[in-house]
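Take a look at this one; I'll ask things after.
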Number of protein chains: 2
Amino acid sequence: MGDFTKLTSKTKNISKWYLEVIDRAKLADYGPAKGTMIIRPYGYAIWENVVSAMDKEIKSSGAVNAYFPMFIPNSLFSKEKDHVAGFAPETAVVTHGGGEELADPLVVRPTSEMIMYDAYSRWISSWRDLPLVINQWNNIVRWEKRTYPFLRTSEFLWQEGHGAHATKKDNWERVIWGIKMYEKIYKEFFALDGLIGTKSESEKFAGAQETLPYEILVEGGKVIQSCTSHDLGQNFSKALGISFQDKNGKTEYVWQNSWGFSTRSIGALVMSHGDDKGLVLPPKLAPVKVVIIPILGKKDTEILKYCEKIKGNIEKLDSEFPGGVEISSDNEKSFGHRISESELRGIPIKITVGTRELQENTVSIGFRLDGMKPTIARVSELSEKTEEYLVDIQERMFINSEEFLKENTFEVNDFEKFKKIMKTTKGLIKAYWCEEKDCEEKIKEETKATTRLKKLDVKKESGEKCIYCNKVAHYLWYFAQAY
Amino acid sequence: MGDFTKLTSKTKNISKWYLEVIDRAKLADYGPAKGTMIIRPYGYAIWENVVSAMDKEIKSSGAVNAYFPMFIPNSLFSKEKDHVAGFAPETAVVTHGGGEELADPLVVRPTSEMIMYDAYSRWISSWRDLPLVINQWNNIVRWEKRTYPFLRTSEFLWQEGHGAHATKKDNWERVIWGIKMYEKIYKEFFALDGLIGTKSESEKFAGAQETLPYEILVEGGKVIQSCTSHDLGQNFSKALGISFQDKNGKTEYVWQNSWGFSTRSIGALVMSHGDDKGLVLPPKLAPVKVVIIPILGKKDTEILKYCEKIKGNIEKLDSEFPGGVEISSDNEKSFGHRISESELRGIPIKITVGTRELQENTVSIGFRLDGMKPTIARVSELSEKTEEYLVDIQERMFINSEEFLKENTFEVNDFEKFKKIMKTTKGLIKAYWCEEKDCEEKIKEETKATTRLKKLDVKKESGEKCIYCNKVAHYLWYFAQAY
């Protein structure tokens, strides 16, 4: 954290700002192989908080964790035609192992449908084996030409859940459960509002019947597709022969779903909440929830002892926030330098202590969220107050996100207006579309905006026209430029 | 778990028994790529319990978690000559990415020294950056011709910790911390006694100054090298230029260590504690700590309600054991079938309930460890008793392991005796060795036994002779055949 020249302004150049924050807050670094990223301890600690929260949700839903090999023989990988067509261009392939050339090269998993369902075909034979819902926390490789830390890297971390069910109805319930669970994590932990819906034909996952994303709008007016839940229907079960005897002894193919949530979410977090001073982390994901910054001088020993006491008090309380309490007392750094550092790292609460606070048995307390002027708090009530403040910050961050989404969503029924918005402020556009691929492509060509989703509960309209071709359109779609 | 023919006897054919247990208890299955393994939910749940316990130890020692890419450019991988010589023959290599041939092929990590230390060389510049101790939980690839589930697979899961220190002394302390931490986990959680020491020159990690293993003796008299902590000295820091300014402004190379613990440990667990009925899991690692098995008949509803009540009582107690409580009530399976299943899965405590227990407000309780006849316990005191039983089982399992190690360790000063032991009972042999490679190789040729370790606190002797060549030998070494 050597560089304390001012960050690039977020509103002026969000891409440059993003890269500077990632680097200076030590969230990530580049790996030596093209497109790869090192997730540094501070960034990884955020991911650990995500994993911890989500793993509980997954397990309490009845799914179980397991681990499948990352090498998929090419012959197996090629068994579902849409799937291989979609993923083959972005795979990394192992051609040599143990010094010898392999007869059947190994694809490094870009997702685990094929390797898991190959096992499912052996494990499932009766309705008693269903539902089978297995989740993995692992690493994934999808070859990328242009890297953008967290948002687009050749290797990333994620969870992927894979359900096999006896009926279409049970299967759809798990698809919906997946995306609603992600919504809960995004809203409650990331403090990020977003939209759920279904993807257009061209934006679906390779091999899926339906893809449901959670799309988050970030500053600069672009969206991030932040996770997805897929209804795979019977595509894979038919390609791999995953069948079972139902209660009447009839052989049926299983219905399947898969749902994934990756380290990309941290990119969305940084982009959305950060400001010109650096990261702003929601308390539920912050690796450090409180930083205590003493003014160092003559009374060092006494002040540091006081800081330790405050730290102990806060840590003693049974808290719903997983982050630690840090004392920032490196006397090689000035007080101002240490303040800037805590701001860069997005620590939700900052407590400062000087001789006056020491004498009065108080502290000065301030919040990263709004740069509020510090207020004075009595030490006796500090630990409980801190918990209340954190709850309040978490809530206010979500409200900000909700308002941002609302303010930057526009309903448009004129393509000229559509183009103008995409050239200026950007944002999410609601517009009727005829669902023809041609129009979708032309809209993208002319505005860089793609179809993001159609809401789940949207009703079929009559009398509406496509924003591009003016032919009959039945549904309102959301469009935006995407990261 | 369809197959309930009797397991192969462990003492008669331990290899066959091992494979049957792994398969029938659903710990693992084979992956489609050569040498790979699927860790099934029941096996993975054991690993999750290990991770949870060890991650706490790692973090409380001041180390931090992070994630580094698994692809290491071959040019980087080749920078430390001993390291590449040791690992190159067992690597998997990605030669194609995104449809194109790569100019610099990518080695899939067989261990992360090179990729982590490349970053360390950028991150470390001053004594203030030290110590830097980073841990990773990830997947590793080492090409294997013959696979043996958990014990030898082409891909496995592990943690690898990597410390960089300012002084040789600090470094050695972390090396020792690593192996002692593993010892604690093995003793307290796996209930497995073992030996710590240093490896001979030929058995060291490629690129290390010293390798410290924890070696576990299992039934059949062979050992499993169950984890290692390495003193890397300045080999890597010199090869990669990881230097720092010390407090006096002098430039020095850092001292380094690495330590790893893998899913191989689960193989040691199965091999050591299992018996002819299947797995025997130590309570601290068991995914299910208690199984409640009702005798189903006329009073089904009442009995099942009673089982739920018992389950709730046990779960309510704040327990140091992470496993769950299961009710085994599938009425397609006979009572005996469900008993066998619980034994195969190694569940520590089995509670059976019939109409008599229901009437008397009691349960029958038995322990997997010793197949003890069930005793009767009152429901009112059951939850607290259960915790005590689990503590007791965990302790007794460790005592059994301790005794087994003691009983199968032999001090020998005659090579004929050495040979005879290795042909019959096998076990650990303590013998003086001159530390010449020639003798080590000949002993291996004639007995299949390798040098396992020299104890850390062993004193230099004079007047002793090498077991093989009769020349002067200063130290007592441990020999055994290894998995």
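Considering only residues that are polar (S, T, N, Q) and touching a Gly at 6+ places or on another chain (Cβ under 9 Å), which ones fall in the range B:392-423? Don't jump to the end; show me each part of the working.
We begin by selecting, within the range B:392-423, every residue polar (S, T, N, Q); these are B:394, B:400-401, B:408-409, B:413.
If the condition is that a residue be polar (S, T, N, Q) and touching a Gly at 6+ places or on another chain (Cβ under 9 Å), then B:401, B:408, B:409 are the ones that fit.
Another one. Hey, among A:369, A:405, A:382, A:390, which residue is touching a residue at least 40 places away in the same chain (Cβ under 8 Å), farther than 30 Å from residue A:197 by Cβ and either under 22 Å from the mean Cα position of the chain (by Cα) or not assigned by TED's automatic domain parsing to the domain that holds residue A:318 (or both)?
On the way: A:369 fails: farther than 30 Å from residue A:197 by Cβ; A:405 fails: farther than 30 Å from residue A:197 by Cβ; A:382 fails: either under 22 Å from the mean Cα position of the chain (by Cα) or not assigned by TED's automatic domain parsing to the domain that holds residue A:318 (or both).
Matching residue, one of A:369, A:405, A:382, A:390: A:390.
If the requirement is being under 25 Å from the mean Cα position of the chain (by Cα) and either small (Gly, Ala, Ser) or closer than 21 Å to residue A:27 by Cα (or both), which of these qualifies: B:61, B:75?
After ruling out the rest, the residue left standing is B:61.
Results for (1) over 19 Å from residue B:29 (Cα atoms); (2) touching a Lys or Arg at 6+ places or on another chain (Cβ under 8 Å), shown as yes or no for each residue.
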position	(1), (2)
A:107	yes, no
A:112	no, no
A:127	yes, yes
A:140	yes, yes
A:147	yes, yes
A:175	yes, no
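Looking at A:356, A:338, which one is at pLDDT 90 or above, assigned to a helix (DSSP H, G or I) and surrounded by 19 or more Cβ atoms within 10 Å (Cβ to Cβ)?
Values: A:356 fails: surrounded by 19 or more Cβ atoms within 10 Å (Cβ to Cβ).
Answer to the check: A:338.
Same structure, new question: Which one of the conditions (1) within 30 Å of residue A:13 (Cα to Cα); (2) surrounded by fewer than 19 Cβ atoms within 10 Å (Cβ to Cβ) does residue A:213 fail to meet, given that it meets all the rest?
The failed condition is (2).
Just name the residue that is nearest to residue B:114 (Cα to Cα) out of those in the range B:203-246 that are modelled with pLDDT of 95 or more and of a type in the set (Lys, Arg).
Out of the qualifying residues, it is B:238.
Please go through the range B:279-334 and pick out each residue that is part of a helix (DSSP H, G or I), within 17 Å of residue B:384 (Cβ to Cβ) and out of contact with any strand residue (DSSP E or B) (no Cβ under 8 Å at 6 or more places or on another chain).
Here is the first cut: in the range B:279-334, the ones part of a helix (DSSP H, G or I) are B:300-316.
Now narrow it down to the ones that are within 17 Å of residue B:384 (Cβ to Cβ): B:309-316.
Passing the criteria: B:309, B:312, B:313, B:316.
Also: How about the range B:402-428: which of its residues are of a type in the set (Val, Ile, Thr) and surrounded by 11 or more Cβ atoms within 10 Å (Cβ to Cβ)?
Once the filter is applied, which keeps residues that are of a type in the set (Val, Ile, Thr) and surrounded by 11 or more Cβ atoms within 10 Å (Cβ to Cβ), the range B:402-428 yields B:409, B:412, B:421, B:425.
Is it fair to say residue A:465 is more than 24 Å from residue A:224 (Cβ to Cβ) and touching a His at 6+ places or on another chain (Cβ under 6 Å)? Reasoning before the result, please.
Numbers: more than 24 Å from residue A:224 (Cβ to Cβ): yes; touching a His at 6+ places or on another chain (Cβ under 6 Å): no.
Judged against the criteria, residue A:465 is not a match.
Being surrounded by 19 or more Cβ atoms within 10 Å (Cβ to Cβ) and not hydrophobic (A, V, I, L, M, F, W, C) narrows it down to one of A:112, A:121, so name that one. Even if it seems obvious, please write down each step before you answer.
On the way: A:121 fails: surrounded by 19 or more Cβ atoms within 10 Å (Cβ to Cβ).
Just one listed residue meets the conditions, A:112.
I need the full set of residues from the range A:220-247 which are closer than 22 Å to residue A:444 by Cβ and assigned to a loop (DSSP other than H, G, I, E, B), in order please. Don't jump to the end; show me each part of the working.
Restricting attention to the range A:220-247, the residues satisfying the condition of being closer than 22 Å to residue A:444 by Cβ are A:220-226, A:228.
Hits for the range A:220-247 are A:220, A:221.
Out of B:154, B:126, I need the residue that is surrounded by fewer than 18 Cβ atoms within 10 Å (Cβ to Cβ) and small (Gly, Ala, Ser). Which one? Talk me through it step by step, then tell me what you get.
On the way: B:154 fails: surrounded by fewer than 18 Cβ atoms within 10 Å (Cβ to Cβ).
Step by step, each of B:154, B:126 is checked, and only B:126 is surrounded by fewer than 18 Cβ atoms within 10 Å (Cβ to Cβ) and small (Gly, Ala, Ser).
Okay, moving on. When the residues of the range A:106-140 are filtered to those that are facing another protein chain (nearest Cβ under 8 Å) and in a strand (DSSP E or B), which remaining residue is nearest to residue A:237 (Cα to Cα)?
Looking at the filtered set, the residue picked out is A:134.
Every residue, every condition in (1) at the interface with chain A (Cβ under 9 Å from one of its Cβ atoms); (2) surrounded by fewer than 22 Cβ atoms within 10 Å (Cβ to Cβ); (3) in a helix (DSSP H, G or I), yes or no:
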| site | (1), (2), (3) |
| --- | --- |
| B:12 | no, yes, no |
| B:16 | no, yes, yes |
| B:19 | no, yes, yes |
| B:33 | yes, no, no |
| B:42 | yes, yes, yes |
| B:86 | no, yes, yes |
| B:96 | yes, yes, no |
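Looking at the range B:21-31, which of the residues that are in a helix (DSSP H, G or I) and out of contact with any Phe, Trp or Tyr (no Cβ under 8 Å at 6 or more places or on another chain) is nearest to the other protein chains (Cβ to nearest Cβ)? Let's see the steps before the verdict.
Applying the first criterion (in a helix (DSSP H, G or I)) to the range B:21-31 yields B:21-24.
Adding the requirement that they be out of contact with any Phe, Trp or Tyr (no Cβ under 8 Å at 6 or more places or on another chain) leaves B:21, B:23-24.
Numbers: B:21: 18, B:23: 12, B:24: 13 Å.
By that ranking, first place goes to B:23.
Taking the criterion of being part of a helix (DSSP H, G or I), within 30 Å of residue B:432 (Cα to Cα), of a type in the set (Val, Ile, Thr) and modelled with pLDDT of 95 or more, would at least one residue in the range B:155-175 satisfy it? Please lay out each step first, then the result.
Initial filter on the range B:155-175 (part of a helix (DSSP H, G or I)): B:168-175.
Cutting the leftovers down to within 30 Å of residue B:432 (Cα to Cα) gives us B:168-169, B:171-175.
Adding the requirement that they be of a type in the set (Val, Ile, Thr) leaves B:175.
Subsequent filtering for residues that are modelled with pLDDT of 95 or more retains B:175.
Checked against the condition, which is being part of a helix (DSSP H, G or I), within 30 Å of residue B:432 (Cα to Cα), of a type in the set (Val, Ile, Thr) and modelled with pLDDT of 95 or more, the range B:155-175 yields at least one hit.
Within the range A:44-53, which residues are among the hydroxyl-bearing types (Ser, Thr, Tyr) and either at the interface with chain B (Cβ under 8 Å from one of its Cβ atoms) or closer than 13 Å to residue A:190 by Cα (or both)?
Within the range A:44-53, just A:44 meets the criteria.
Looking at the range A:143-169 only, could you name the residues that are more than 9 Å from chain B (Cβ to nearest Cβ) and basic (Lys, Arg)?
Going residue by residue through the range A:143-169, those that are more than 9 Å from chain B (Cβ to nearest Cβ) are A:146-152, A:156, A:158-169.
A:146, A:152, A:168, A:169 - these are the residues of the range A:143-169 that are more than 9 Å from chain B (Cβ to nearest Cβ) and basic (Lys, Arg).
Here's a follow-up. Scan A:100, A:20, A:113 and give me the residue that is free of Cβ contacts under 8 Å to residues at least 12 places away in the same chain and not aromatic (Phe, Trp, Tyr). Break it down into steps so the answer makes sense when it comes.
Values: A:20 fails: free of Cβ contacts under 8 Å to residues at least 12 places away in the same chain; A:113 fails: free of Cβ contacts under 8 Å to residues at least 12 places away in the same chain.
On inspection, the qualifying residue turns out to be A:100.
While we're here: Please go through the range B:56-70 and pick out each residue that is under 16 Å from residue A:52 (Cβ atoms) and more than 9 Å from every other protein chain (Cβ to nearest Cβ).
Listed by number, the residues that qualify are B:56, B:58, B:59.
Can you tell me which residue is surrounded by the most Cβ atoms within 10 Å (Cβ to Cβ) among those in the range B:216-248 that are of a type in the set (S, T, N, Q) and in contact with a Phe, Trp or Tyr (Cβ under 9 Å, 6 or more places away or on another chain)?
Initial filter on the range B:216-248 (of a type in the set (S, T, N, Q)): B:225-226, B:228-229, B:234-235, B:237, B:243, B:245, B:248.
Pick out the ones that are also in contact with a Phe, Trp or Tyr (Cβ under 9 Å, 6 or more places away or on another chain) and you get B:225-226, B:228-229, B:234, B:237, B:243, B:245.
Details: B:225: 21, B:226: 26, B:228: 23, B:229: 28, B:234: 17, B:237: 23, B:243: 16, B:245: 15.
Checking each candidate, the answer is B:229.
Just checking, which of B:475, B:483 is surrounded by 15 or more Cβ atoms within 10 Å (Cβ to Cβ) and over 23 Å from the mean Cα position of the chain (by Cα)? Working first, answer last.
Values: B:483 fails: over 23 Å from the mean Cα position of the chain (by Cα).
One residue alone meets the criteria, B:475.
Here's a follow-up. So the check is Cβ under 6 Å with 6+ separation or different chains; which pairs have a first residue in the range A:296-324 that's more than 24 Å from residue A:52 (Cα to Cα) and a second one that's of a type in the set (Gly, Ala, Ser) and outside any loop (DSSP other than H, G, I, E, B)?
Filtered contacts from the range A:296-324: A:313/A:383.
The values are calculated or read from the model by the stated rules, or taken from the named source; none is laboratory data. Keep in mind that what you see is a predicted model, and the values were worked out from it rather than measured. Ideal geometry is used to build each Cβ from the backbone, glycine not excepted, and the neighbour counts take in all protein chains shown.
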